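The values are calculated or read from the model by the stated rules, or taken from the named source; none is laboratory data. Quantities reported herein were computed from a predicted structural model and do not represent experimental measurements. Note that we place each Cβ from the backbone using ideal geometry, even for glycine, and neighbour counts take in every protein chain shown. In case anyone asks, the SASA skips ligands and DNA or RNA and just uses the protein heavy atoms, side chains included. Shrake-Rupley method; radii C 1.70, N 1.55, O 1.52, S 1.80 Å.
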Amino acid sequence: IPNLYLPRWQKIFKSRLVGLAVAYGNTVFIVLIVILILLLFVWGACGEAGRPQGPAHPASRSLLRRLVTLISQQAVLGASTEAFRKQAEGASQAARRYMEDNDALRKV
């Protein structure tokens with residue numbers, strides 16, 4: 001395979017979208033697994049004719065829908081919290097550098 005495709009792949013892997021997928025991949029994966037398990041639970045509770053059997057009556061479905069909503073909201077909040085933490089760390093590092101530069105200039 002010629003190296004003609006190498007720059008294209010480097011651009012793809014250095015893109016912001018891939019970076020976000022890598023940064024939040026674990027959280028997104030866990031949320032998707034929980035959603036799939038809940039959906040399989042609801043789907044499995046319905047019989048072949050589509051009639052609810054067992055805990056899949058309307059109150060259970062609304063409860064499951066609420067749980068899925070809460071889990072997805074928690075995932076979004078967790079991701080934004082992580083982004084805010086990284087932003088705060090970057091700001092504190094920049095402030096530290098500026099203070100060190102300022103001290104160095106005062107000594108000169």
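Observations on the model:
- Backbone N atoms of the range 82-96 closer than 15 Å to the 7 Å Cα→Cβ label point of Ala104 belong to residues 94-96.
- Once the Cβ-Cβ distance of Ile37 and Ala88 is raised to the sixth power relative to R0 = 30 Å, the FRET efficiency obtained is 0.30.
- Ile12 exposes around 70 Å² of accessible area when a 1.4 Å probe is run over every protein chain in place.
- As a calculated quantity, the FRET efficiency between Leu67 and Asn26 at R0 = 35 Å, using C-beta atoms, amounts to about 0.95.
- Rg and Dmax [Cα atoms of the range 63-108; Å; Rg one decimal, Dmax integer]: 19.9, 67
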